[in-house]
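Colleague: After the structure tokens below, expect a handful of questions from me.
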Amino acid sequence: MVQRGLLIVVEGCDRSGKSTQCENLVAKLQQTGNDTELVKFPDRTTQTGKMIDSYLQQKSDLDDHAIHLLFSANRWEAMKTLSEKLSTGTTLVVDRYAFSGVAFSSAKGLDLEWCRNPDIGLLTPDIVLFLDLTIDEAEKRGGFGQERYEKRDLQIKVRDEFTKLQDDTWKFIDASQSKDQVQQDIWDTIKQFKQKSTKDGIQPLQF
Ligand code: 2DT
Ligand code: MG
């Protein structure tokens with residue numbers, strides 16, 4: 001029987017280096033012989049993803065609840081494919097997941113518990129790497145972009161909301177370090193986790 005792949009989620013505020021680090025991690029896992037793929041949410045290529053993209057680029061407006069549900073639907077529609085990949089041995093590195101969904105919407109003022117509900121039942125990550133960076137440090141990295149949520153005041157609230165969501169699957173990574181050091185910390189964390197989960201016998205996938 002094939003050992004299932006790991007579901008590794010990477011979260012953090014904008015400019016924390018998530019996308020670069022996700023690419024590095026995927027490359028490193030592949031080089032060391034692990035069948036691995038990169039997944040990114042929102043997936044802007046699907047029908048829901050196109051609506052999300054237009055909203056983020058401020059080309060369209062949507063009620064806060066409606067966009068929250070769209071982000072969640074954008075994950076739900078991917079679950080069958082992702083779960084098949086995991087069960088056939090592919091490890092997935094996921095750039096943003098339901099934690100971003102809850103952190104951003106609750107930072108906008110929606111009720112935290114309400115925000116959690118639509119994502120209940122999604123695949124549970126094995127490990128969540130949180131790339132932690134203060135908003136001052138994030139801003140020093142060339143400022144935020146032009147998208148709807150890329151604003152200082154909101155980002156401060158988002159970071160705060162993220163910290164309310166942590167549980168024992170979370171590992172905090174100090175994202176203020178050099179790119180290489182962050183990469184090293186992530187690799188050490190993943191290596192340790194892989195050793196431990198193989199020794200303990202990887203648990204079945206949890207929905
Ligand atoms: P990127 O900059 O990573 O493309 O993200 N977001 C993301 C939400 O508000 N809810 C969600 O469920 C997810 C996954 C975070 C685009 C923006 O979308 C926000 C930043
Ligand atoms: Mg962004």
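Read the figures in this text as sums done on the coordinates, not as results from a lab. Being a predicted model, the structure only gives us computed values, none of them experimental. Virtual Cβ from ideal backbone geometry, glycine too; neighbours counted across all protein chains shown.
Colleague: Under the rule of at least 5 residues apart or a separate chain, name every residue whose amide H is placed under 5 Å from the amide H of THR91.
Modeller: LEU6, ASP35, THR36, GLU37
Colleague: Taking 7 Å along the Cα-to-C-beta vector as the label spot, tell me the LYS164-LEU38 distance in nanometres, rounded to one decimal.
Modeller: It works out to 3.2 nm between the two label points.
Colleague: Hey, how many Å between the Cα centroid of segment 48-74 and the Cα centroid of segment 155-180?
Modeller: So the separation of the two Cα centres works out to 24 Å.
Colleague: Next up: Under 17 Å from a point 7 Å along the Cα-to-Cβ line of SER60: which residues of segment 36-54 have their amide N that close?
Modeller: Of the residues in segment 36-54, 42-54 have backbone N under 17 Å from the label point off SER60.
Colleague: Okay, moving on. Roughly what would the spin-label model give for ASP153 and GLN195, points 7 Å off Cα along C-beta, in nm?
Modeller: 4.8 nm
Colleague: Mind giving me the FRET efficiency for GLN146 and TRP187? R0 is 45 Å, r the Cβ-Cβ distance, nearest 0.05 is fine.
Modeller: E between GLN146 and TRP187, to the nearest 0.05, is 0.85.
Colleague: What residue among GLY101, GLY17, GLY109 shows peak mean-square fluctuation when the chain is described by a Gaussian network model with Cα springs under 10 Å?
Modeller: Residue with maximal mean-square fluctuation among GLY101, GLY17, GLY109: GLY109.
Colleague: Report the calculated FRET efficiency for LEU205 and TRP114 (r = Cβ-Cβ distance, R0 = 30 Å), to the nearest 0.05.
Modeller: For LEU205 and TRP114, the calculated efficiency is 0.70.
Colleague: Rounded to the nearest 500, what is the chain's calculated 222 nm mean residue ellipticity when only DSSP H runs of at least 4 contribute -39500 (n - 2.57) each, over all residues?
Modeller: Computed mean residue ellipticity for the chain: -15000 deg cm²/dmol.
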